[in-house]
Amino acid sequence: MDLGAYRQPGVMPTIVLDLEGVVPLYRQIADGVRGLIAGGRLGEGDTLPSVRKLGGMLGVNLNTVAKAYRVLAEEGVVELRHGAAARVLAPPPPEDARPLDEEAARQLVDAVGKLKVRGASEDAVREVFEGAMGRFYEEGAGR
Amino acid sequence: MSGFVAQVCGGLSVIATFAVVEWLARSSTPERVFQIALGRARTRADDARVRRVRVVNLACAVAALVGVLAPLPPGLALGLTLGATSLAVGWLLVEMGLLVRTIELEDLPTRFAVSLEEPPSARDYVSMPLQVANVLAVVLPTIVFAWVVRSLPSAVPLHWDLAGHVDRVGPPAAAWSLGAVMLFDLLLLWGIVYAVAKERWALPPGDASRYVALSTERRTLIVRLVEWVILLANAGIGVGWGGTALGVAMGGDALPGLAAVAAVSAVLASAACLLPLVVYVPKLRKVSDALRAEAGTEVLGTRRAGWRWGGIVYFAPDDPALFVPKRVGIGVTLNMARPLAWVVLGGAILIPLVISAIAAR
């Protein structure tokens, strides 16, 4: 039996869900798809599973998946096309040495602040942050 | 058909039933009783349960064999045999039901991963030679019967009692019901393969390669088990059906060939009960234990609140899945919150009833 990608650890594009997590499911799905795109597992022009299909695979309501796709479309990450599969859009060109815009910077600072308030250690936060940088920014990340 | 062959066939069925129940009782381990994972330490109450099942089973098997072998009036013999074997199986089922109420279900993880890749399909799980054999097991006896049915007399023996006397005579076309039963068996096989392939496919977060391998092996084993059971059962029916029709067409119902046909048919049917269980259930149990060790459960991705009645029934309105792995026992089960689940269940129960009702007319 040929299981293709299933045989190789780390190759499968997966979305992790926590049914009882504090983050709403539509955001977990949107975060999962965004993570796959940022990590290079899904590239420009790749199509996403249909709402019905992904809902069935994840075991969640179709409206939840549709909401996640709308969030991604509003962010300009994917393009929703009527009657066709959602498609991953080309990322904007990297803006060298330019600072983050205000909203993006605020989100990052908020995230670190939240962790500090919840008692996370500096080393732990730094480790996760560096892991994410490696996953999304280093050469050939996620391939 | 001679009384001796009828006794051999009846005796084989009794022994096969006894062996299945005895095997299920004796295969108990410190972690599992009747192949059901306890989720807790095995207690004296569990040992007593196993002992009770074995004692009742033995007593019932002796009574059923008396029914087959002793020179009793036919009605009494049949009643004793059927009553005793039903009691043995019924007792086991009741003890299993009571046991399930005492088991401790594993804590179901709420975090899991889902792959965007297409999961393996039904084709990845089936064995082509067994599928071909399954189709032939239905097609060949059908051709034989269709070929001889016209040359049969207008009234043929349709059923024999335990003493080997014909107790039902009717038009040969009535025997088509056996073909219908075999066709139903084949559709049931394909239905189960489809259900196994469409079952919820969730993975543990992180490196899931071992879980994927185990999960795939579990599904392959379930499909293989059902392929063998249906093949042997249908071969048993097919040999009896086609063989008897041929025998009657070639001259009466007292031919030695007819007796041999009945014996082969009974052996195949007995093998259908026993062999796949003994071969595949222990393998499935090992895979199931490994899956639990790997991910904490075999039912990753299902809703905790959906498992009712000690984990036997799955009813989760917020889960779109129709098929999910069983939480207790081995195999696939339905999400009873989906209306389609009731259609599937109703069909699986009603179709055999309709076939027997038509056949009994």
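A few remarks follow.
- Relative to the longest principal axis of the Cα atoms of chain B, helix B:74-100 runs at roughly 0 degrees.
- Rounded to 10°, Cα long-axis angle of helix A:122-137 versus longest principal axis of chain A: 50 degrees
- Here the Karplus curve 6.51 cos²θ - 1.76 cosθ + 1.60, taken at θ = phi - 60°, turns the phi angles of region B:176-183 into couplings of 4, 4, 5, x, 5, 4, 5, 5 Hz, with x standing for Gly and Pro.
- Extreme residue, positive dipole direction of region B:197-289, given options B:266, B:214, B:229 (C-beta unit charges): B:214
- Cα-centre dipole for the protein assembly as shown with unit charges at Cβ (Lys and Arg positive, Asp and Glu negative), debye to 20: 1400 debye
- Length-normalised contact order for chain B - Cα pairs under 8 Å, 6+ apart - percent: 21 percent
- Computed from Cα positions, the angle between helix B:339-360 and the longest principal axis of chain B comes to roughly 10 degrees.
- Area buried, chain B against chain A - accessible surface, total, 1.4 angstrom probe, square angstrom: 2400 Å²
- Cβ neighbours within 10 Å from other chains - mean over A:51-59: 6
- Carbon plus sulfur fraction of accessible area for region B:105-360, probe 1.4 Å, in percent: 71 percent
- J(HN,Hα) series, region A:49-55, from Karplus relation 6.51 cos²θ - 1.76 cosθ + 1.60, nearest Hz, glycine and proline x: x, 4, 4, 5, 5, 5, x
- Ligands, DNA and RNA excluded, the heavy atoms of residue A:18 present near 40 Å² of accessible surface to a 1.4 Å solvent probe.
- For residue B:37, residues with placed amide H under 5 Å, excluding near neighbours: B:329
- Simple Cβ-charge dipole of chain A, Lys/Arg +1 and Asp/Glu -1, about Cα centre, in debye nearest 20: 620 debye
- Loop-located trypsin sites (Lys or Arg not before Pro) in region A:41-132 (DSSP state not H, G, I, E or B) with no more than 14 neighbouring Cβ atoms inside 10 Å: A:118.
- Residue by residue along B:313-320, Cβ atoms of other protein chains within 10 Å of the local Cβ number 3 on average.
- Leading residue at positive end of dipole, region B:1-116 (Cβ point charges), from B:28, B:81, B:45: B:45
- 3J(HN,Hα) along region A:88-93, derived from phi through the Karplus expression 6.51 cos²θ - 1.76 cosθ + 1.60 where θ = phi - 60°, amounts to 6, 8, 5, x, x, x Hz, with x in place of Gly and Pro.
- Residues whose amide H lies under 5 Å from that of residue B:156, counting only those 5 or more places away or on a different chain, are B:170; hydrogens are built 1.01 Å from N in the peptide plane.
- Counting only Cβ charges, +1 for Lys and Arg and -1 for Asp and Glu, the dipole size of region A:84-124 around its Cα centre is about 240 debye.
- Alpha carbon centroid spacing (whole Å) that separates region B:86-158 from region B:218-245: 9 Å
- In region B:28-147, Cα pairs under 8 Å separated by at least six residues give a relative contact order of 23 percent.
- Placed amide H near residue A:78: partners under 5 Å, 5+ positions off or other chain: A:73, A:89
- Theoretical ellipticity at 222 nm over the protein assembly as shown - DSSP helices of four or more residues, -39500 (n - 2.57) apiece, nearest 500: -20500 deg cm²/dmol
- Using the 1.4 Å probe convention, the accessible area of the protein assembly as shown works out to 53 Å² per residue with neighbouring protein chains retained.
- When the charge dipole of region B:105-360 is built from unit charges on Cβ atoms (+1 for Lys and Arg, -1 for Asp and Glu) and taken about the Cα centre, the candidate among B:137, B:309, B:322 whose Cα reaches farthest toward its positive end is B:309.
- Shielding of B:206-213 by partner chains, average beta-carbon count, 10 Å: 4
The values are calculated or read from the model by the stated rules, or taken from the named source; none is laboratory data. Nothing here was measured: the structure is a model prediction, and the numbers come from that model. Quick reminder, even Gly has a Cβ in these numbers, built from the backbone with ideal geometry, and neighbours come from all protein chains shown. For the accessible areas, the whole protein counts, side chains as well, though only heavy atoms, and no ligand, DNA or RNA atoms are used. Shrake-Rupley method; radii C 1.70, N 1.55, O 1.52, S 1.80 Å.
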